[in-house]
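Here the structure is laid out as structure tokens; the discussion comes afterwards.
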Amino acid sequence: MKGIRKIGMHVIFYAVLLGIWALLAKLKVWPSYVFPAPLSVLQSLRDGFADHSFWIGIGVSMKRIIFGYALAILLGMVLGLGVASNKFLEETMGGLLVSLQSLPSICWLPLAVLWFGLTEKAILFVVVMGSLLSITIAMEAGRTQMPKIYRMAGRNLGADGVKLFWYVLLPASLPFILSGLKQGWAFAWRSLISGEMIFVSLGLGQLLMTGRDLNDMSLVIAVMILIVAIGFIVDGLIFRTLERRLQHKWGLTPAT
Amino acid sequence: MTVNFTNPSLLEDRKAPLRIRAGSHWKPDSAPTVAALRADASDIPKVWLKGISLEYKTGNGSRLLALDDINLKVARGEFLCIVGPSGCGKSTLLHLVAGLHQPSSGTVLADDRPVDRPGTDRILIFQELGLFPWLKVGENVEFGMKMKGLAKSERSERVQHYLRLVHLSKFKDSYTHQLSGGMRQRVALARALATEPEVLLMDEPFAALDAQTRDLLHDELERIWAETGCTIIFVTHNVREAVRLGDRVALLTFRPGRVKREYAVDLPRPRHLEDPSVAIAAREILDDLREEINKSIAAEYEGVPV
């Protein structure tokens, strides 16, 4: 019952939003190349998929983010655990990591271009730098803020070394790690799109710039919708489902 | 379903008029020494704390002596209770026996071998339990056996057995947060017992429970102790609980923790918390304890962190 009501509310909200949009377009307050009608955006979406340019764009962007994100997870785990395992590093590098996180990842692009040229590596570098810090910080937080009792209980029950890490420390810090992974993904996705916009290559960011170059506002909005949709699918479906399952398991929220 | 933990003989006891059973009079141990206790000199103690001292470095850099020259022998199969005011290092003592920390000086011996690391022959039940929330009840119980490398079939058999022992068979697939405090306590007990430890270390396990649940768990623990024949070192601040459960009670002083006195409890079992003989015995110990509690309160008022 509650679910139906919620869906109903969403339907009404978006219907009204679309209605206002359609109305404004119909009134021709602004010329249509500045403010396209919903139907023309829909047409662009359809065309984009029909001529495969959207599929290619999505494919290229997804390939980049999967590589970049996987690399960031790997490096972030190693770095985070390294920092957490050493008091000196924790007190010195911990602060550096947090301050570096305030740097928008696109700021790494000039450096990446000079180091790697206009190549895939440069884009990959920006994606990794975008998400690496969140993942590192989350791994470190997981190791340092996890209740000490789990470690003691694990040792007490005969776990040590690799077993202690795998069966106790890792699962105990999972809530921290998951939130870091989620944040890392969001940063990686943003970095990727910005990177692709600035530098000529395939991908969704590039499609957005194509729209601008062609003065095709419908295409621009269509690609923006795509970017939001992919973000929503990964964040809203994958990460939120994982989070909900974890919370249920840990008893952090009442089971639904 | 309600599980009936109650031992019928205890129920009768509660209904019976107040009387001290023959031979159950409290005999204060005027010269409480280790020699006076049941531990036979020729017998190797199960756990032997030999001149244990522990020094901490506090936040402001000064050193704090938490435990000072503790000497305690625990016989095989004995139920030793340790009481003392908060801040006397009771919990720390258990951590040392468990091998989670090392003393600054002295040695902990288990079966005459020095303890230098945790081992599943000595299992500690923490005050805050430390159950793993990411594992189901059954998996929590299984954990120690899995670390030991026991075969899967034997593990699941033992999980069944120990869950039955603590009356939680129906909750094997629940998560620990779905259980009540008393049930979680029993999971921790089952998890500890499943590794079949020779020494069970319990750190104020029943402090946070309501009186009824605690009474039931006392009966349970006594029964399990009798069934398994393990050695138990039980830390509590509740003197009555100590007398209810222990063969012997050791009283620690407030900071630094020293063994102030030991008391042999030779009341017949099963005992009950409300037994007059238990109350009388407890009063004797409580008088000695009160002095230490006052010291701990004074320290608290003077702003010394406890």
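The values are calculated or read from the model by the stated rules, or taken from the named source; none is laboratory data. The structure presented is a predicted model; accordingly, all values stated were derived computationally and were not measured. Every residue, glycine among them, receives a Cβ derived from its backbone with ideal geometry; neighbour counts consider all protein chains shown.
Considering (1) more than 23 Å from B:Ala208 (Cα to Cα); (2) assigned to a helix (DSSP H, G or I), the lone condition that B:His95 does not fulfil carries the number (1). Screening the stretch B:78-100 for residues that are within 14 Å of chain A (Cβ to nearest Cβ) and not aliphatic (A, V, I, L, M) and picking the one that is surrounded by the fewest Cβ atoms within 10 Å (Cβ to Cβ) gives B:Ser91. Is there a residue being in a helix (DSSP H, G or I), touching a residue at least 12 places away in the same chain (Cβ under 8 Å) and over 18 Å from the mean Cα position of the chain (by Cα) anywhere in the stretch B:239-248? Within the stretch B:239-248, none of the residues are in a helix (DSSP H, G or I), touching a residue at least 12 places away in the same chain (Cβ under 8 Å) and over 18 Å from the mean Cα position of the chain (by Cα). Residue under question is B:Ser169, and the condition is that it be polar (S, T, N, Q) and either away from every other protein chain (no Cβ under 13 Å) or surrounded by 22 or more Cβ atoms within 10 Å (Cβ to Cβ) (or both); does it hold? Yes. Inspect all residues belonging to the stretch A:93-110 and state whether any of them is within 14 Å of chain B (Cβ to nearest Cβ), without any contact (Cβ under 8 Å) to a residue 24 or more places away in the chain and either over 15 Å from the mean Cα position of the chain (by Cα) or part of a loop (DSSP other than H, G, I, E, B) (or both). Checked against the condition, which is being within 14 Å of chain B (Cβ to nearest Cβ), without any contact (Cβ under 8 Å) to a residue 24 or more places away in the chain and either over 15 Å from the mean Cα position of the chain (by Cα) or part of a loop (DSSP other than H, G, I, E, B) (or both), the stretch A:93-110 yields no hits at all. Considering only the stretch B:133-155, how many residues are facing chain A (nearest Cβ under 8 Å) and at pLDDT below 90? Adding up the residues that qualify gives 1. In the condition set (1) modelled with pLDDT under 90; (2) away from chain A (no Cβ under 14 Å), B:Gln178 is compliant with all but (2). Residues that are more than 13 Å from chain B (Cβ to nearest Cβ) and surrounded by fewer than 18 Cβ atoms within 10 Å (Cβ to Cβ) were ranked within the stretch A:162-193; the one that is modelled with the highest pLDDT is A:Ala186.
Test of understanding: among B:Ala75, B:Ala66, which residue is away from every other protein chain (no Cβ under 14 Å), of a type in the set (A, V, I, L, M, F, W, C) and farther than 23 Å from B:Ala207 by Cβ? Before the answer, list the steps.
Working: B:Ala66 fails: farther than 23 Å from B:Ala207 by Cβ.
The unique qualifying residue is B:Ala75.
Quick check on this structure: which one of A:Val60, A:Val29, A:Val41 is more than 23 Å from A:Phe199 (Cα to Cα) and touching a residue at least 40 places away in the same chain (Cβ under 8 Å)?
Of A:Val60, A:Val29, A:Val41, the one residue that is more than 23 Å from A:Phe199 (Cα to Cα) and touching a residue at least 40 places away in the same chain (Cβ under 8 Å) is A:Val41.
Looking across A:Tyr69, A:Tyr33, one residue alone is among the hydroxyl-bearing types (Ser, Thr, Tyr) and closer than 23 Å to A:Leu214 by Cβ. It is A:Tyr33. Candidates in the stretch A:127-151 are the residues that are within 14 Å of chain B (Cβ to nearest Cβ) and touching a residue at least 24 places away in the same chain (Cβ under 8 Å); of these, the one that is surrounded by the fewest Cβ atoms within 10 Å (Cβ to Cβ) is A:Pro147.
Being more than 18 Å from A:Gly231 (Cβ to Cβ) and assigned to a helix (DSSP H, G or I) is a condition met by at least one residue of the stretch A:177-192.
Of all the criteria given as (1) crowded, with 22+ Cβ neighbours inside 10 Å; (2) assigned to a strand (DSSP E or B), the one not satisfied by B:Arg255 is (2).
Considering the stretch A:215-229, and only residues there that are at pLDDT 90 or above and loosely packed, with under 15 Cβ neighbours inside 10 Å, the residue that is farthest from the chain's Cα centre (by Cα) turns out to be A:Ile225.
Whether any residue in the stretch B:199-212 is in a helix (DSSP H, G or I), in contact with a Cys (Cβ under 9 Å, 6 or more places away or on another chain), within 14 Å of another protein chain (Cβ to nearest Cβ) and in contact (Cβ under 8 Å) with a residue 12 or more places away in the chain is what I want to check. So that I can check it myself, show each step before the final result.
Restricting attention to the stretch B:199-212, the residues satisfying the condition of being in a helix (DSSP H, G or I) are B:211-212.
From what's left, in contact with a Cys (Cβ under 9 Å, 6 or more places away or on another chain): none.
No, the stretch B:199-212 has no match at all.
Residue under question is A:Gly158, and the condition is that it be within 14 Å of chain B (Cβ to nearest Cβ) and in a helix (DSSP H, G or I); does it hold? Considered against the rule, which asks whether it is within 14 Å of chain B (Cβ to nearest Cβ) and in a helix (DSSP H, G or I), A:Gly158 comes out as no.
Could you tell me which of the residues B:Gly130, B:Gly119 is at the interface with another protein chain (Cβ under 9 Å from one of its Cβ atoms), buried (at least 18 other Cβ atoms within 10 Å of the Cβ), closer than 22 Å to A:Trp250 by Cβ and of a type outside the set (Lys, Arg)?
Exactly one of B:Gly130, B:Gly119 is at the interface with another protein chain (Cβ under 9 Å from one of its Cβ atoms), buried (at least 18 other Cβ atoms within 10 Å of the Cβ), closer than 22 Å to A:Trp250 by Cβ and of a type outside the set (Lys, Arg), namely B:Gly130.
Report whether or not A:Gly211 is in a loop (DSSP other than H, G, I, E, B) and either farther than 17 Å from A:Ala138 by Cα or modelled with pLDDT of 90 or more (or both). Spelling it out, it is not the case that A:Gly211 is in a loop (DSSP other than H, G, I, E, B) and either farther than 17 Å from A:Ala138 by Cα or modelled with pLDDT of 90 or more (or both).
Step by step: first the residues of the stretch A:18-69, then only those that are hydroxyl-bearing (Ser, Thr, Tyr) and assigned to a helix (DSSP H, G or I), then the one that is nearest to A:Ile225 (Cα to Cα). Which residue is that? Spell out how you get there, then give the answer.
Our first condition is that a residue be hydroxyl-bearing (Ser, Thr, Tyr); within the stretch A:18-69, this holds for A:32-33, A:40, A:44, A:53, A:61, A:69.
Going one step further and asking which of them are assigned to a helix (DSSP H, G or I), we end up with A:40, A:44, A:53, A:61, A:69.
On the way: A:Ser40: 13, A:Ser44: 11, A:Ser53: 15, A:Ser61: 15, A:Tyr69: 22 Å.
Checking each candidate, the answer is A:Ser44.
For (1) among the aliphatic types (A, V, I, L, M); (2) out of contact with any Leu (no Cβ under 9 Å at 6 or more places or on another chain); (3) buried (at least 24 other Cβ atoms within 10 Å of the Cβ), each residue gets a yes or a no:
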site	(1), (2), (3)
B:Arg191	no, no, yes
B:Glu198	no, yes, no
B:Leu201	yes, no, yes
B:Asp219	no, no, no
B:Ile224	yes, no, no
B:Gly229	no, yes, no
B:Phe234	no, no, yes
B:Leu245	yes, no, yes
B:Leu251	yes, no, yes
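Restricting the search to the stretch B:140-160, which residues are in contact (Cβ under 8 Å) with a residue 40 or more places away in the chain, buried (at least 19 other Cβ atoms within 10 Å of the Cβ) and not polar (S, T, N, Q)?
So the first thing to find is which residues in the stretch B:140-160 are in contact (Cβ under 8 Å) with a residue 40 or more places away in the chain, and the list is B:140-145, B:148.
If we keep only those that are buried (at least 19 other Cβ atoms within 10 Å of the Cβ) as well, we get B:140-145.
Across the stretch B:140-160, the qualifying residues are B:Val141, B:Glu142, B:Phe143, B:Gly144, B:Met145.
Do you know which residues across the stretch B:161-183 are assigned to a helix (DSSP H, G or I) and either without any contact (Cβ under 8 Å) to a residue 40 or more places away in the chain or among the charged types (D, E, K, R) (or both)?
Residues of the stretch B:161-183 that are assigned to a helix (DSSP H, G or I), as a first pass: B:161-165, B:169-171, B:176-178, B:181-183.
B:His161, B:Tyr162, B:Leu163, B:Arg164, B:Ser169, B:Lys170, B:Phe171, B:Gln178, B:Gly181, B:Gly182, B:Met183, listed by residue number.
If you scan the stretch A:171-211, which residues turn out to be farther than 27 Å from B:Leu131 by Cβ and among the aliphatic types (A, V, I, L, M)?
Initial filter on the stretch A:171-211 (farther than 27 Å from B:Leu131 by Cβ): A:183-211.
If the condition is that a residue be farther than 27 Å from B:Leu131 by Cβ and among the aliphatic types (A, V, I, L, M), then A:Ala186, A:Ala188, A:Leu192, A:Ile193, A:Met197, A:Ile198, A:Val200, A:Leu202, A:Leu204, A:Leu207, A:Leu208, A:Met209 are the ones that fit.
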